[in-house]
Amino acid sequence: MKLIKYLMIAFLAVSFCQKANAQRLKKATEKQKRQMIATINQTSTKIHTIQCDFTQVSELSFLEDKATAKGRMSFTAPGSLVWQYTSPTHYTFSIDKGKVTTKSGGKTHSIDISNNKMYQNIVEMMMNSVSGKSLGNGRNFAVEMYVSGSEWIAWLTPLKPDFRKMFKSVRLHFNQQERRVQQVEMISNNGDNIKITLSNIQTTYRR
């Protein structure tokens with residue numbers, strides 16, 4: 001389950017790679033929603049590589065204080081991903097050619113996802129997001145769009161039972177000009193909250 005959550009985090013970061021003023025959220029009309037999603041997906045389809053740093057802040061029910069982790073992420077289309085935690089512990093997982101590989105404490109473990117439906121679904125979502133299908137296909141999430149100042153916020157509610165067990169909702173904070181998420185917020189059913197802020201983002205696009 002821990003690995004599945006890491007994969008979910010990676011999917012969200014790669015999918016759409018400033019914090020919103022929650023007091024000024026304005027729900028988009030259906031027409032605006034369609035236009036916003038189309039614009040985001042148009043940008044996603046052109047992405048070739050993404051490299052960035054990330055800071056992950058977790059508020060968990062079993063911890064008194066917030067837990068902060070930092071790391072580095074790199075992605076190459078159509079589906080090569082490395083998600084590396086560098087502080088306070090070292091943990092890396094990667095996805096390439098249908099295989100998930102984790103590295104921790106000098107140990108390496110690989111999983112062939114061809115026989116694991118859950119992993120297949122997560123990887124499929126990641127690929128669909130990069131190809132411009134994630135927000136619009138309606139298979140994995142119900143999506144509502146909001147406007148807050150210069151931000152667009154996508155509020156995603158999981159539709160599949162396996163994902164509903166892990167997350168109550170996911171919020172993606174987009175910079176309107178760049179049409180990429182700079183912050184991801186995931187809320188679990190028990191109230192646990194994970195925020196990931198991306199920084200030093202370097203993106204290349206297909207010609």
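Quick notes on this structure:
- Whichever aspartates and glutamates have a C-alpha closer than 14 Å to that of K33, once near sequence neighbours (fewer than 8 apart) are set aside: E144, E151
- Descending semi-axes in whole angstrom, ellipsoid equivalent of region 149-207, from the Cα gyration tensor: 25, 13, 11
- A simple count of charges around V184, restricted to other residues whose Cβ falls under 9 Å of its Cβ and scoring Lys, Arg +1 and Asp, Glu -1, yields +1.
- Computed with a 1.4 Å probe over protein heavy atoms only, the accessible area of E59 comes to about 80 Å².
- Rough spin-label spacing in nm, given labels placed 7 Å along Cα→Cβ, for Q84 and L159: 3.7 nm
- Here is the list for region 43-97: chymotrypsin sites (Phe, Trp or Tyr not before Pro) lying in DSSP coil, each with at most 16 other C-beta atoms within 10 angstrom of its C-beta, are F62.
The values are calculated or read from the model by the stated rules, or taken from the named source; none is laboratory data. It should be emphasised that the depicted structure is a prediction, and the values quoted were computed from it without experimental measurement. Please note: Cβ atoms are built from the backbone with ideal geometry, for glycine as well, and neighbour counts cover all protein chains shown. Surface accessibility is based on the protein's heavy atoms, side chains included, excluding ligands, DNA and RNA. Shrake-Rupley method; radii C 1.70, N 1.55, O 1.52, S 1.80 Å.
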